[in-house]
Amino acid sequence: MRTAPRLRLLLGTLAALATTVWLFRDLLPPGSFPVGWDVFWNLHVARTIAEQGLPAAVPQAAFTQLAVDHADRQWLFSLVLAAYGGRDLGLEHVPPLVLGFALAKLAVLLACARWLVGPRLLATPVLLAFGLSASALFRAAALRDMLLAILPLLVLLARLARCDARPKRNDQAWLAGAALVFTWSHGAPVLPLALAVVVGAGRRLDTGRCGFRTLLPIGAGVLLGLLARPNPLGCLELLWTLNVFLPWASATGALPLHPTEFAAPPFDLLLAHSWPLLLAAGLSLATAWRRRADWRLVLPAVLLAIGTVFGARLVELAAPCLTLAVLVQLAATRLGGTWRGELAAAAVAIGLLGLAHHHAQPSLDANRLVALADVGDDLRQRARPGDVVFVTDWGVSSPLTWFTRDVPLRFTGITDPVLMLRAAPDAFAAWWRIKSAADPEAARTIRERFGARFAVIGFADAAPGRPAGETAVQVWQTFGALAQRGVAVQSRDVPSPPRHATLEPGFRLYEFTD
């Protein structure tokens, strides 16, 4: 039955949005502790902007470019957070912000799909954006810049799929504008260009014409996005560090450790959390092969899904892009534009959403390392503005930065290890010797080389691939040896609550008191 398409779409859309509200209110109820590390740094930068404008420097990012010349790779995202919470921006704003971005993602997906296929659209499968992967759902619950950046990227993908090989002026304006907004929102300016190349290859499979002329307006939008922002030269340096220097340093061994989100996830974990994503990618690919159509959407979505095998970060892109391809392909079936199709799609989408929720919930709970709030309270009471806090885990510095905002401190790690390697390679080499348990006088190095007054070390801290706790034990031994030589040292243990201890048992806070 194909009657009342507007009513069907309206009810399907409302059902999808209501389910999303329930989902994120359950995962992140008001007053819940935020998910992940990045959220604290994002809140800190956004609130700083709300209080004083874009800062000239962020002192907490010691030993990096940002401590002397701040550049924000996700400038527009920071502005959105600052505008939402203003000078009162805090942890309580995280759940509604995450929910708002989730609803915006579904709205953009539905708008793009409706624009591509018309009234035959089935609305409820849009929930696949959160149901295809528990990892994607987990990352959607963290206040990361991709929550905003995915919106213009989806618009760009839909416009690329719709426009001719020779884009008209209206298409060019849309492509340039979407690329501009994306570049303001995320630190990977090459991504829109790469997407255009892949869509061009898909168009060749669909029509025999590549249409790589879309690269010109997209390139113009990216270039304008890089230059039309505060501190464009500092931003270019930062983006060079993250997009060129980082992979080169990684390939040559100069950077011996990497953020976990750049690493390939264990394959068994990938299957457990993202098998619906991989299955949907295979079915979408088979359908495009059989119909000899829709390659412009299917090819980039499938490549992104395959990319999740090599890097967890791509799941944030793969799930919504594949959802857009599936929405378009479903519209071409017999179920497209029917109530029966809507109900069947709703059953599948909600079933997969339940599986994703089942897997994501324990990870969300374990990720909320509330012990760092206690460490931050201790530092705020005992530290003086400008004190250096040595950390062996880059992640912990972001929440500690937030919890000690009223006593600005300096940390030996902020957001990414490559920032220290780029700005202070000698300091990074000394830091790495401590992290890898290769410095027999680690405590002395912490005090004399880094001028630190405090050190925060996780009980289980170790270099990647090394036994758990190796670094923590070695640092503890060197602090003991230093105390025996008459240097005044105090320490305090802050254990994690039981449900969080599986990820991090707790932290030891050292203080030089001389």
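Read the figures in this text as sums done on the coordinates, not as results from a lab. Please read all numbers here as calculations on a predicted model, not as lab measurements. Glycine also receives a Cβ, built like all others from the backbone with ideal geometry; neighbour counts cover every protein chain displayed.
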Practice item. Pull out a ≥ b ≥ c, the square roots of the eigenvalues of the alpha-carbon gyration tensor of region 371-512, then state rounded if a/c is under 1.5, prolate if not and a/b is larger than b/c, and oblate in the remaining case. Key: rounded
Review point. Against the longest alpha carbon principal axis of the chain, how many degrees, from 0 to 90 and to the nearest 10, is the axis of helix 267-291 turned?
Key: 20 degrees
Review point. Any idea what angle helix 371-382 forms with the longest principal axis of the chain, computed on alpha-carbon atoms, 0 to 90 degrees, nearest 10?
Key: 40 degrees
Review point. Helix 215-227 versus the longest principal axis of the chain: what angle, 0 to 90°, nearest 10, using Cα atoms?
Key: 30 degrees
Check your understanding: 222 nm [θ] for the chain, helices only, -39500 (n - 2.57) per DSSP H run of 4+, per residue, to 500?
Key -> -19500 deg cm²/dmol
**Study point:** Least to most buried among Val117, Val396 (fewest other Cβ within 10 Å first)
**Key:** Val117, Val396
Review point. For the chain, what's the relative contact order in percent, using C-alpha pairs closer than 8 Å and at least 6 residues apart?
Key: 19 percent
Review point. By the scheme Lys and Arg +1, Asp and Glu -1, what is the net charge of all other residues having a beta-carbon under 14 Å from that of Gly53?
Key: +1
Review point. If you find the alpha carbon centre of region 341-363 and of region 122-201, how far apart are they in angstrom?
Key: 23 Å
Study note, to complete from the structure: Quick note, the chain: a/c under 1.5 would make it rounded; otherwise a/b > b/c is prolate and the rest oblate (a ≥ b ≥ c, C-alpha gyration tensor); here it is prolate
Practice item. State the answer as a single residue: which of Phe182, Leu66, Val328 lies farthest towards the positive end of the charge dipole of region 5-366, with beta carbon charges of +1 for Lys and Arg and -1 for Asp and Glu, about the Cα centre. Key: Val328
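For region 197-289, what relative contact order do you get, as a whole percent, if you take Cα pairs closer than 8 Å and at least 6 residues apart?
9 percent
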Review point. Under unit Cβ charges (Lys, Arg +1; Asp, Glu -1), what dipole magnitude, rounded to 20 debye, does the chain have relative to its Cα centre?
Key: 2300 debye
